[in-house]
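K.L.:
Structure incoming, see below.
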Amino acid sequence: MSTSKLQQRVVRHSPSTGRGSPDVWGIYEPDTGSIQYVCADPITKRAALIDVVWNFDPKNYRFSTESMDQVLDLVAEHGLTVEWVLDTHPHADHVMASAHLKERTGAPTAIGEKVHDIARLWAGLYNMPGVFHPDRNFDRLFAEGETFRIGDLDMRVMLSPGHTLGSITLVCGDAAFTHDTLMQPDVGTSRADFPGGNAEQLWDSIQAILALPSETRIFVGHDYGTDDRDEPKWEATVAEHLAGNKHVKAGTRREDWLRRRNERDATLPLPDRILAALQVNLRGGRLPPAEEDGHVYLKLPVNRF
């Protein structure tokens with residue numbers, strides 16, 4: 001019996017389309033449905049790693065590195081030099097590999113500057129005041145409209161709140177890494193019900209993304225397949241989303257989308273990794289210090305959700 005590709009580590013290359021356009025590799029992580037990205041300048045071979053996963057088993061509370069190892073193997077295979085380790089937001093469904101990747105590549109880590117607000121929110125939910133220090137745990141905090149370089153390519157930051165209050169979209173030439181705003185056209189859009197999430201803001205963020213040039217390649221953060229599709233997909237153009245996105249194609253009314261999004265979100269449980277993942281991710285992908293017995297412990301709020 002064949003195994004669904006949704007249960008496999010799928011890798012696909014989206015080649016540069018010409019001057020100013022990056023090479024993009026997507027690496028699918030099946031346990032969480034996450035897409036990890038390598039965005040590279042085809043001329044200089046300088047690259048950014050985006051939203052890479054540090055594997056976490058929520059049943060046994062054990063960590064492993066097979067996903068980041070796979071990403072770094074791809075980097076080595078193509079002769080790339082890692083210039084940035086980037087996260088689009090503090091993820092709720094997987095643990096970020098950023099701190100480990102910095103140790104292994106020497107590249108600086110970065111995330112959006114509104115991670116300060118997310119850290120304050122979750123410090124309250126965990127009753128862990130003063131524990132999360134974004135300025136210390138990330139090398140750079142990007143503001144709306146800020147630009148930086150990957151080799152000879154410019155990457156621009158768009159603040160895209162809604163899924164979280166501090167999510168960012170990263171735009172490099174004709175490639176846009178849109179994190180957990182959009183899903184594939186046959187799925188629609190992502191949830192906005194986590195603490196700090198906001199459906200109205202998510203709508204506005206999606207509209208700003210869909211205002212990018214029609215040929216822009218949109219790379220989404222997750223895919224779980226559909227009833228009719230048992231292989232992961234993560235790339236579609238702005239034009240394809242406008243023509244056929246299940247939730248926000250051209251002509252969709254804001255009030256209809258808001259009603260549908262809020263009704264759907266009201267039925268969704270918390271991701272099984274969220275309460276463990278966020279207290280690690282808000283440390284930049286680091287575990288808490290070991291206690292006096294030499295072991296590390298995570299803290300879980302009870303009856304808060």
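K.L.:
Counting only residues that are touching a helix residue (DSSP H, G or I) at 6+ places or on another chain (Cβ under 6 Å) and either outside any loop (DSSP other than H, G, I, E, B) or under 28 Å from Ile50 (Cβ atoms) (or both), how many does the stretch 289-303 have?
P.N.:
Of the residues in the stretch 289-303, 1 are touching a helix residue (DSSP H, G or I) at 6+ places or on another chain (Cβ under 6 Å) and either outside any loop (DSSP other than H, G, I, E, B) or under 28 Å from Ile50 (Cβ atoms) (or both).
K.L.:
A further question on this structure: With respect to the numbered conditions (1) over 15 Å from the mean Cα position of the chain (by Cα); (2) closer than 19 Å to His13 by Cα, which one is the sole condition not fulfilled by Phe177?
P.N.:
(1)
K.L.:
So, one more: Those residues that are more than 21 Å from Asp93 (Cα to Cα), of a type in the set (Asp, Glu) and surrounded by 24 or more Cβ atoms within 10 Å (Cβ to Cβ), I need them from the stretch 19-56; list them, please.
P.N.:
Asp41
K.L.:
Checking the structure you have, find out if any residue of the stretch 242-253 is among the hydrophobic types (A, V, I, L, M, F, W, C) and surrounded by 14 or more Cβ atoms within 10 Å (Cβ to Cβ).
P.N.:
First pass over the stretch 242-253, keeping only residues among the hydrophobic types (A, V, I, L, M, F, W, C): 242-243, 248, 250.
Next, only the ones that are surrounded by 14 or more Cβ atoms within 10 Å (Cβ to Cβ) stay: 242, 248.
The answer is yes, given that some residue of the stretch 242-253 is among the hydrophobic types (A, V, I, L, M, F, W, C) and surrounded by 14 or more Cβ atoms within 10 Å (Cβ to Cβ).
K.L.:
Another question, if that's okay. Listed residues Val157, Val131, Val115; which is at pLDDT 95 or above, crowded, with 22+ Cβ neighbours inside 10 Å and aliphatic (A, V, I, L, M)? Can you show your working first?
P.N.:
Numbers: Val157 fails: crowded, with 22+ Cβ neighbours inside 10 Å; Val131 fails: crowded, with 22+ Cβ neighbours inside 10 Å.
After ruling out the rest, the residue left standing is Val115.
K.L.:
Could you go through the stretch 282-289 and let me know if any residue there is among the aliphatic types (A, V, I, L, M), out of contact with any Gly (no Cβ under 8 Å at 6 or more places or on another chain), modelled with pLDDT of 95 or more and farther than 21 Å from Val171 by Cα.
P.N.:
At the first step, the residues of the stretch 282-289 found to be among the aliphatic types (A, V, I, L, M) are 282, 287.
Now restrict to residues that are out of contact with any Gly (no Cβ under 8 Å at 6 or more places or on another chain): 282, 287.
From the residues that got through so far, the ones that are modelled with pLDDT of 95 or more too are 282, 287.
Of the ones still in play, those that are also farther than 21 Å from Val171 by Cα are 282, 287.
The answer is yes, given that some residue of the stretch 282-289 is among the aliphatic types (A, V, I, L, M), out of contact with any Gly (no Cβ under 8 Å at 6 or more places or on another chain), modelled with pLDDT of 95 or more and farther than 21 Å from Val171 by Cα.
K.L.:
Identify, from the list Leu275, Leu270, the residue that is surrounded by fewer than 15 Cβ atoms within 10 Å (Cβ to Cβ), among the hydrophobic types (A, V, I, L, M, F, W, C), over 30 Å from Ser21 (Cβ atoms) and out of contact with any strand residue (DSSP E or B) (no Cβ under 9 Å at 6 or more places or on another chain).
P.N.:
Details: Leu275 fails: surrounded by fewer than 15 Cβ atoms within 10 Å (Cβ to Cβ).
Only one candidate passes the filter, namely Leu270.
K.L.:
With the requirement that a residue be farther than 20 Å from Ala239 by Cβ and without any contact (Cβ under 8 Å) to a residue 60 or more places away in the chain, what does the stretch 172-196 give you? Full working, then the answer.
P.N.:
Step one: of the stretch 172-196, the residues farther than 20 Å from Ala239 by Cβ are 179-180, 190-196.
Result: Ser190, single match.
K.L.:
So for the stretch 292-305 (the condition being in contact (Cβ under 8 Å) with a residue 12 or more places away in the chain, surrounded by 16 or more Cβ atoms within 10 Å (Cβ to Cβ), touching a Phe, Trp or Tyr at 6+ places or on another chain (Cβ under 9 Å) and among the charged types (D, E, K, R)), does at least one residue qualify? Let's see the steps before the verdict.
P.N.:
Within the stretch 292-305, the subset in contact (Cβ under 8 Å) with a residue 12 or more places away in the chain is 298-301, 304-305.
After this cut, where a residue has to be surrounded by 16 or more Cβ atoms within 10 Å (Cβ to Cβ) as well, the list is none.
So far as the stretch 292-305 goes, no, none of its residues is in contact (Cβ under 8 Å) with a residue 12 or more places away in the chain, surrounded by 16 or more Cβ atoms within 10 Å (Cβ to Cβ), touching a Phe, Trp or Tyr at 6+ places or on another chain (Cβ under 9 Å) and among the charged types (D, E, K, R).
K.L.:
For the stretch 33-57, which residues satisfy the criterion of being touching a helix residue (DSSP H, G or I) at 6+ places or on another chain (Cβ under 9 Å) and either in a loop (DSSP other than H, G, I, E, B) or within 20 Å of Pro288 (Cα to Cα) (or both)?
P.N.:
Passing the criteria: Gly33, Val52, Val53, Trp54, Asn55, Phe56.
K.L.:
Right, another one. Against the definition (closer than 28 Å to Leu287 by Cα and more than 17 Å from the chain's Cα centre (by Cα)), how does Phe56 come out, yes or no?
P.N.:
Working: closer than 28 Å to Leu287 by Cα: yes; more than 17 Å from the chain's Cα centre (by Cα): no.
Here the answer is no, as Phe56 does not meet what is asked.
K.L.:
Failed condition for Val11, given (1) over 23 Å from Phe63 (Cβ atoms); (2) under 19 Å from the mean Cα position of the chain (by Cα), with all others met?
P.N.:
Of (1) over 23 Å from Phe63 (Cβ atoms); (2) under 19 Å from the mean Cα position of the chain (by Cα), only one is false for Val11: (1).
K.L.:
For the condition polar (S, T, N, Q), touching a Gly at 6+ places or on another chain (Cβ under 7 Å) and either surrounded by fewer than 23 Cβ atoms within 10 Å (Cβ to Cβ) or touching a residue at least 40 places away in the same chain (Cβ under 8 Å) (or both), what is the one hit in Thr164, Thr147, Thr169?
P.N.:
On the way: Thr147 fails: touching a Gly at 6+ places or on another chain (Cβ under 7 Å); Thr169 fails: touching a Gly at 6+ places or on another chain (Cβ under 7 Å).
Sole residue among the options that is polar (S, T, N, Q), touching a Gly at 6+ places or on another chain (Cβ under 7 Å) and either surrounded by fewer than 23 Cβ atoms within 10 Å (Cβ to Cβ) or touching a residue at least 40 places away in the same chain (Cβ under 8 Å) (or both): Thr164.
K.L.:
Could I ask something else about it? Among all residue pairs at least 6 apart or on different chains, which show Cβ distances below 7 Å where the first residue, located in the stretch 198-223, is under 19 Å from Ile35 (Cβ atoms) and in contact (Cβ under 8 Å) with a residue 60 or more places away in the chain and the second is part of a loop (DSSP other than H, G, I, E, B) and of a type in the set (Lys, Arg)?
P.N.:
Correct list of pairs: Asp223/Lys233.
K.L.:
Go through the stretch 6-49 and count every residue that is of a type in the set (D, E, K, R) and under 14 Å from His222 (Cα atoms).
P.N.:
Keep residues of the stretch 6-49 that are of a type in the set (D, E, K, R), which gives 9, 12, 19, 23, 29, 31, 41, 45-46.
Right, trim to under 14 Å from His222 (Cα atoms) and you get 9, 29, 31.
Count: 3.
The values are calculated or read from the model by the stated rules, or taken from the named source; none is laboratory data. The structure displayed is predicted, hence computed values, not measured ones. Note: ideal-geometry Cβ built from the backbone for every residue, glycine included; neighbour counts use all protein chains shown.
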